[in-house]
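Take a look at the structure set out below.
FYI, it's all coordinate maths here, none of it is from the lab. No experiment lies behind these values; they were computed from the predicted model shown. Ideal geometry is used to build each Cβ from the backbone, glycine not excepted, and the neighbour counts take in all protein chains shown.
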Amino acid sequence: MATREHTSVYRPGINAVLHEHEQMSAWLFFAVMSYLVMRFTPECGCTADACGGILWYAEIWLGASLSWGHAAGVLILHSVAIGIWLLYCLKTASLFVRRSTAWAITGLMFVYCSDLWAGPSELNLVLQTISMYHLLVWARGKKDYFPPRHLFLAGLGVTVALMTTPMVVVYWLPVIGHMLWVNQGKRLTSATYCTGGITAPWVVIMLVTGFNPSCAALIQPVFESNWGGWHNSLLYTEPLHIFVGILPGFCQSWVPPMVALIPGLLLLFMWLRPFRKIRRSRKVSINTSLSIAFVLVFVVSFCIMKQPHFTAFYPFMLISLIGIILSIRRRIRNRSAKRVLRGIGLMVPFITLLVLLIIPVLHTAMGKQSNPASPRSTAIEHIIHSWQW
């Protein structure tokens with residue numbers, strides 16, 4: 001009877017637990033595919049003078065040291081992180097849909113890898129998605145409290161945000177508050193682990209600067225240029241660009257803002273749809289916490305910052321995509337049609353890689369100059385060579 005009561009909160013046929021070998025295979029697949037995309041994408045919109053704080057420069061220094069001064073090591077390190085991000089996208093989707101559909105949803109999220117190039121904001125994206133997964137696992141009833149490691153990762157996310165994208169710090173305030181509120185009898189231990197996570201990145205930075213003192217003067221965060229106030233904010237100057245910016249980068253240049261309004265609205269405000277399947281006793285608290293996190297990030301990003309980081313909204317886009325898929329499945333009764341749509345989602349990573357590999361060939365066939373080197377690698381190597389080793 002206890003087993004029935006525990007499993008009754010899940011949809012029939014859904015197993016939200018991925019086995020260890022499945023997780024390792026998924027991580028390896030997404031890591032390899034993301035590396036290929038980052039290495040061979042012909043255009044990515046990155047600039048060589050990008051600055052993302054001391055932790056980002058530490059990552060570049062570590063990757064360059066592992067690859068003897070080249071960008072390959074940086075891309076490999078970042079592909080490992082992106083593989084973890086997509087793995088937790090898969091695990092999050094598995095909480096609400098069948099496993100094959102979860103793979104298809106993760107394949108659709110893979111499209112955003114065309115915008116990732118080892119920049120500063122992606123470091124925080126991984127921790128955001130992991131913590132949101134932990135919150136949803138609790139909301140679905142699998143756990144009654146948050147283990148200490150979850151609090152440690154949340155604290156880690158606070159410092160990573162401070163060192164890379166400070167505006168995302170507001171995301172962690174309701175998340176950590178929710179975790180501490182749930183752990184009523186273990187708040188002191190939870191707060192201790194959270195504090196340990198906050199201090200851990202500073203220890204890493206001290207070690208990096210100790211091994212390479214010449215980089216200490218170069219890895220200073222530059223954030224002042226992003227703070228512009230209301231009159232310089234995106235919501236005041238170009239409000240429709242908010243809906244364009246949450247779409248994948250390859251289509252932002254040719255999708256008109258008015259056309260992007262409908263998919264933008266779906267991705268921004270459909271994310272509450274999957275939470276209807278959450279336990280009633282935990283629905284109010286999880287909706288409140290994530291709604292506050294969403295509103296805080298939205299206000300800081302689009303009402304204060306001049307150049308918002310849209311990657312902070314990717315975890316919410318994942319939940320929105322799950323909600324859209326759930327709505328579509330209710331309206332499609334034909335099983336064959338569902339299998340076709342699921343297959344398209346599963347093939348998206350391969351299609352993305354194939355299209356990006358064909359673009360340079362098409363440029364050459366049309367007589368246009370094509371840069372054989374990836375702009376990601378070029379930008380990173382420009383930063384590396386500007387250092388005094």
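Packing, taken as the mean count of other beta carbons within 10 Å per residue, orders the peptides 167-180, 311-324 from highest to lowest as 311-324, 167-180. Over 30 Å between Cα atoms, which of 143/338; 277/306; 142/306; 91/283 qualify? Distance filter (> 30 Å) returns 143/338; 277/306; 142/306. Which of the trypsin sites (Lys or Arg not before Pro) across the stretch 240-330 are loop residues per DSSP, with 14 or fewer other Cβ within 10 Å? Here the sparse-neighbourhood loop sites are 279, 306.
Put simply, when 55-65, 120-130 are sorted by average Cβ atoms within 10 angstrom per residue, most first, you get 120-130, 55-65. With each label modelled as a point 7 angstrom along the Cα→C-beta vector, the residue 21-residue 207 pair spans 3.3 nm. With a ≥ b ≥ c the root eigenvalues of the C-alpha gyration tensor of the stretch 237-364, is it rounded (a/c under 1.5), prolate (a/b larger than b/c) or oblate? Oblate, because a/c is 1.5 or more while a/b does not exceed b/c. For the peptides 90-97, 74-81, 336-343, the ranking by mean Cβ contacts within 10 Å, running from highest to lowest, is 90-97, 74-81, 336-343. For trypsin sites (Lys or Arg not before Pro), no site in the stretch 94-190 is both called loop by DSSP and has at most 11 other Cβ atoms within 10 Å.
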